[in-house]
Amino acid sequence: MKTLTKKQWLPLIGMTLAAFIFNTSEFMPIGLLSSIANTFSLTDAQAGIMITAYSWAVMILSLPLMIAISKYSFKPILLVTLLVFACGQILSGIAPTFSILIIARLIVASAHAIFWSIASVIAVKLVDQEHRDFAMSMIVTGTSVAMIFGLPLGRVVGLYVGWRMTFILVGIIAILLFLFQSNVFPKLDKPEPFKANQLPLLLKNKSLVAIYIISFLFATGYYTAYSYIEPFLTDIAHLSASWITLSLSLFGVAGIVGSILFSKFYSKNRIKFMRIMTCNIAIVLVLLKPCAFSLLTVLLVCAFWGLTSTAFNVAAQSEIILHASDESSAVAMSIFSGIFNLGIGMGSFIGGQAVNSIGLASIGFVGAGIGILAGLYCIYSIHA
């Protein structure tokens with residue numbers, strides 16, 4: 001296999017760094033929620049509205065925004081997205097009222113919706129055919145590293161210099177990344193613009209629809225448990241605060257392993273890889289409660305969970321790019337992003353209902369039930 005050239009490496013590294021800051025930004029408010037609430041004299045629950053608004057905005061905006069901008073080349077789309085992201089971050093840092101902070105987060109969500117619709121598509125276009133899987137895994141590695149270092153780092157910066165400076169620093173990094181990509185990003189072939197009347201044809205693609213349904217079920221099952229993983233580790237597994245932080249960081253470490261497994265094994269048997277990773281989520285969640293009796297077993301479950309999540313995510317995106325036409329790939333990815341965020345919201349809702357009705361210890365079993373549906377449907381619907 002040929003090695004990547006400098007002209008391929010540099011923009012790909014830029015895309016990986018962008019994935020890192022976009023994912024760091026998405027979840028950063030979770031670790032700063034109390035500080036933000038105190039600034040605006042709100043409860044944590046009231047301040048949490050901005051987190052909910054962000055995820056639902058991504059879900060709603062992904063498809064219409066991609067249809068609207070599909071007539072433009074990837075380089076200007078990427079550069080404008082980075083600038084909008086930076087502006088939203090800086091506005092978040094200087095927001096005088098909570099309402100303006102919400103508006104700023106919605107601006108960031110708009111950039112997020114576009115970035116994750118084009119990130120994987122751009123990554124595979126930056127390299128030759130034999131490096132496609134590696135390029136995809138690089139994007140996911142940026143996400144995993146954000147889980148390991150980005151979120152804790154954001155929290156530490158927020159504690160020492162205030163939550164406002166945390167947002168501003170991310171904005172500054174985005175501006176530097178904009179300047180970097182302006183110089184190294186190549187001119188990619190411009191696809192034919194996607195028209196709204198092509199959407200019904202896209203949704204008639206049985207392979208794409210199957211991936212969308214599987215992804216929705218996977219995300220729903222996953223976030224039924226993951227949304228409440230911190231209280232589960234506290235009250236059910238009885239871990240200390242430091243071990244909980246380590247356990248959550250392990251998701252990201254294992255995610256890097258998942259991306260390596262993808263780059264090595266997916267292309268050899270993509271159907272088998274997809275089925276295994278989809279079915280794994282049910283296995284992980286069934287084991288969550290039985291393995292809560294010791295630190296070692298909890299860490300092993302978290303590692304298996306993080307590996308599964310990352311490997312599934314990158315495999316699902318690869319399947320979408322494979323089955324979508326060149327001009328519709330970014331729009332197809334935007335639908336995936338919206339559906340996955342819908343699954344996140346649905347999973348959080350189902351998990352909350354499970355906690356309230358049958359107890360915190362049940363979240364793994366409830367999520368596993370949905371995971372089993374995802375696995376069965378994947379086996380039934382995904383074929384070579």
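Annotations for the structure displayed:
- Selection from region 27-45 of residues that are touching a residue at least 40 places away in the same chain (Cβ under 8 Å) and open to solvent by 10 Å² or more (accessible area, probe 1.4 Å): PHE27, ILE30, GLY31, SER35, THR39, PHE40, LEU42
- Test: residue in region 239-254 that is within 16 Å of the chain's Cα centre (by Cα), within 18 Å of ILE363 (Cβ to Cβ) and in a helix (DSSP H, G or I): yes
- Number of positions in region 58-77 that are touching a residue at least 40 places away in the same chain (Cβ under 8 Å), surrounded by fewer than 20 Cβ atoms within 10 Å (Cβ to Cβ) and small (Gly, Ala, Ser): 1
- Pairs, first surrounded by fewer than 16 Cβ atoms within 10 Å (Cβ to Cβ) in region 1-26, second of a type outside the set (D, E, K, R) and at pLDDT 85 or above, C-beta under 7 Å, six or more apart: LYS7/PRO186
- Considered as a group, the residues in region 158-190 that are part of a helix (DSSP H, G or I) and at pLDDT below 85 include one that is farthest from MET66 (Cα to Cα), and that residue is TYR160.
- Residue count for region 237-271, restricted to those that are open to solvent by less than 60 Å² (accessible area, probe 1.4 Å) and among the hydroxyl-bearing types (Ser, Thr, Tyr): 6
- Being open to solvent by less than 30 Å² (accessible area, probe 1.4 Å) and closer than 23 Å to LYS204 by Cα is a property that does not hold for SER325.
Matching residues to (1) touching a residue at least 12 places away in the same chain (Cβ under 8 Å); (2) crowded, with 21+ Cβ neighbours inside 10 Å; (3) farther than 21 Å from ALA282 by Cβ:
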| site | (1), (2), (3) |
| --- | --- |
| LEU300 | no, no, no |
| ALA311 | yes, yes, no |
| ALA315 | yes, yes, no |
| GLU319 | yes, yes, no |
| VAL331 | yes, yes, yes |
| SER337 | yes, yes, yes |
| ILE350 | yes, yes, no |
| VAL355 | yes, no, no |
| GLY364 | yes, yes, no |
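- Looking across SER34, SER41, SER62, one residue alone is polar (S, T, N, Q), assigned to a helix (DSSP H, G or I) and modelled with pLDDT of 80 or more. It is SER62.
- Applying the condition of being touching a Lys or Arg at 6+ places or on another chain (Cβ under 7 Å) and crowded, with 17+ Cβ neighbours inside 10 Å to region 366-384 and asking which residue is farthest from SER215 (Cα to Cα) yields ILE382.
- Within region 191-236, considering residues that are of a type in the set (Gly, Ala, Ser) and open to solvent by 40 Å² or more (accessible area, probe 1.4 Å), the one modelled with the highest pLDDT: SER207
- Count of residues meeting criterion [without any contact (Cβ under 8 Å) to a residue 12 or more places away in the chain and part of a helix (DSSP H, G or I)] in region 78-131: 4
The values are calculated or read from the model by the stated rules, or taken from the named source; none is laboratory data. Note that the structure is predicted; figures quoted are calculated from it, not measured. No Cβ is skipped: glycine too gets one built from the backbone with ideal geometry, and neighbour counts run over all protein chains shown. In case anyone asks, the SASA skips ligands and DNA or RNA and just uses the protein heavy atoms, side chains included. Shrake-Rupley method; radii C 1.70, N 1.55, O 1.52, S 1.80 Å.
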